[in-house]
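Peer 1: This is the structure, below, for whatever I ask next.
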Amino acid sequence: MSEPTVCGKCKEEIKGKTLTALGKSWHPEHFVCLVCEKPINAVTFNEREGNPVCSECFAKKYSEVCNKCHKAIVGKVVKAMGKTWHEDHFVCAGPCKKPMAAVPFFERDGKPYCKPDFEKLFAAKCEGCHQAITDKTIIALNANWHKDCFVCKRCKKPIEGDTFAVDDNKPVCNSCI
């Protein structure tokens, strides 16, 4: 003989209609929201500590609030920079505005930036090629340079060592002096 089916709320035997959800059986009238205790008739609902919670109560009581729109986050939550965001609201603050939930980003003044926009907007630019410098930089002649761009004005070879001459505000290696 099988054991009787017990209601997930009142813990009493269910003899009539049975509702099954959240791995439990329920008297249909006992399948109610944990917070407001109103019957849950919707196809979609949430769960908290093994009990049903209506979508409205879940959003009010348990959801994180999006840093951008200040509304409850019911779906996927992005946590970044000490804040929470809707997945589609965590985007690059630069010109591209691309979603960045699953990509590395840079922060500046409390805003997230993708690598290309961050480099375009904030990275030092090389005096030689005018591209962003993202690693080691040479500072000379009141400018920043990539190592491979700091070359002799005459022979076009990289400047080696700490000494060089200057011709028309461009470096000249010791061999070409």
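Peer 1: On a 20 Å Cα-Cα criterion, which of the cross-link pairs K97/K125; K68/K98; K97/K120; K24/K61; K38/K61; K120/K153 come out too long? Don't skip to the end; give the middle numbers.
Peer 2: On the way: K97/K125 23 Å; K68/K98 15 Å; K97/K120 14 Å; K24/K61 23 Å; K38/K61 15 Å; K120/K153 27 Å.
Pairs exceeding 20 Å: K97/K125; K24/K61; K120/K153.
Peer 1: Distance from the Cα centre of the range 113-166 to that of the range 28-66, in angstrom?
Peer 2: 58
Peer 1: Residue by residue, what Karplus-based ³J(HN,Hα) values in Hz, rounded to whole numbers, does the range 160-165 have, using 6.51, -1.76 and 1.60 with θ = phi - 60° and x for Gly and Pro?
Peer 2: Result, ordered by residue: 9, x, 9, 10, 6, 9 Hz.
Peer 1: Residue by residue, what Karplus-based ³J(HN,Hα) values in Hz, rounded to whole numbers, does the range 150-155 have, using 6.51, -1.76 and 1.60 with θ = phi - 60° and x for Gly and Pro?
Peer 2: 7, 10, 5, 4, 8, 8
Peer 1: Using the Karplus equation 6.51 cos²θ - 1.76 cosθ + 1.60 (θ = phi - 60°), what ³J(HN,Hα) coupling, rounded to whole Hz, does each residue of the range 49-57 give in order, writing x for Gly and Pro?
Peer 2: For the range 49-57, the Karplus-derived couplings read 6, x, 10, x, 9, 5, 4, 5, 5 Hz, x marking Gly and Pro.
Peer 1: Once you have the Cα-Cα distance between D88 and N51, take 0.36 nm times their residue separation minus that, and quote the gain in nm to one decimal. It would help to have the intermediate numbers written out before the result.
Peer 2: Working: separation 37, 0.36 × 37 = 13.32 nm, distance 2.90 nm.
Result for the pair: 10.4 nm of gain on full extension.
Peer 1: Turning to a different aspect of this structure: Using amide H atoms built 1.01 Å from N in the peptide plane, name the residues 5+ places from G8, or on other chains, whose amide H lies under 5 Å from its own.
Peer 2: Those qualifying (amide H under 5 Å, at least 5 residues apart or on another chain) are S25, W26, H27.
Peer 1: Also: What are the residues whose amide H is under 5 Å from the amide H of V172, where those residues sit 5 or more places off or on another chain and H is modelled from the backbone?
Peer 2: K153, A165, V166, D167
Peer 1: Turning to a different aspect of this structure: Can you sort S175, S63 by how many other beta carbons sit within 10 Å, fewest first? Could you put the intermediate results ahead of the total?
Peer 2: Values: S175 10, S63 18.
Taking fewest neighbouring Cβ atoms as first place, the list is S175, S63.
Peer 1: Let me ask you something else. Where does the chain land on Rg(C-alpha)/(2.2 N^0.38 Å)?
Peer 2: Details: Rg = 31.4 Å, N = 177, 2.2 N^0.38 = 15.7 Å.
In units of the globular-protein estimate, the chain measures up at 2.00.
Peer 1: In addition: Ranked highest first by the average count of other Cβ atoms within 10 Å around their residues, in what order do 52-62, 13-23, 32-42, 109-119 fall? Before the final figure, lay out each step's value.
Peer 2: Numbers: 52-62: 18.1, 13-23: 11.6, 32-42: 15.0, 109-119: 16.5.
Ranked by mean Cβ neighbours within 10 Å, highest first: 52-62, 109-119, 32-42, 13-23.
Peer 1: Under the Kirkwood approximation applied to all pairs of distinct alpha-carbon atoms, what is the hydrodynamic radius of the range 1-62 in Å?
Peer 2: Numbers: mean 1/r = 0.0829 Å⁻¹.
After inverting the pairwise mean of 1/r, the radius is 12.1 Å.
Each value in this text was obtained by applying a stated rule to the coordinates, not by laboratory testing. Please read these numbers as outputs of a predicted model, since none were measured by experiment. A quick note on method: Cβ atoms are made from the backbone with ideal geometry, for glycine too, and the neighbour counts reach across all protein chains shown.
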